[in-house]
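Reading through the structure tokens given below for one structure.
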Amino acid sequence: MSTVERLVVILLFDGVDLLDVTGPPEVFSLLRRELEGAPGYRVVLAAETPAPVTTAAGVRVLP
């Protein structure tokens with residue numbers, strides 16, 4: 001039986017809340033650990049350019 005992988009894209013932009021950037025990947029990572037590696041989700045960060053984005057908390061994130 002094959003598992004369909006769903007793509008979760010988190011959009012980055014200057015001033016984004018840090019929790020919105022880090023929360024979803026953490027949840028899907030926990031799901032992967034709980035289900036022993038096969039939740040069917042892949043999380044990526046995306047932005048308009050490959051330049052670092054500065055969150056509202058001042059943390060710089062790479063897309």
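The values are calculated or read from the model by the stated rules, or taken from the named source; none is laboratory data. Values in this document were obtained by computation on a predicted structure and should not be read as measured data. For neighbour counting, all protein chains shown are included, and Cβ atoms are generated from backbone atoms with ideal geometry for every residue, glycine included. Just the protein is used for accessible areas: all its heavy atoms, side chains included, with ligands, DNA and RNA removed. Shrake-Rupley method; radii C 1.70, N 1.55, O 1.52, S 1.80 Å.
Considering region 2-59 alone, what residues qualify as being on the phi > 0 side of the Ramachandran plot and touching a residue at least 12 places away in the same chain (Cβ under 8 Å)?
Matches in region 2-59: Gly15, Gly40.
Can you name the number of the only condition in (1) of a type outside the set (D, E, K, R); (2) out of contact with any strand residue (DSSP E or B) (no Cβ under 7 Å at 6 or more places or on another chain); (3) modelled with pLDDT of 85 or more; (4) assigned to a helix (DSSP H, G or I) that Ala57 fails?
All conditions are met except number (4).
Of all residues being touching a Lys or Arg at 6+ places or on another chain (Cβ under 8 Å) and assigned to a strand (DSSP E or B) in region 38-54, which is most open to solvent (accessible area, probe 1.4 Å)? Just the residue, please.
So the residue we want is Arg42.
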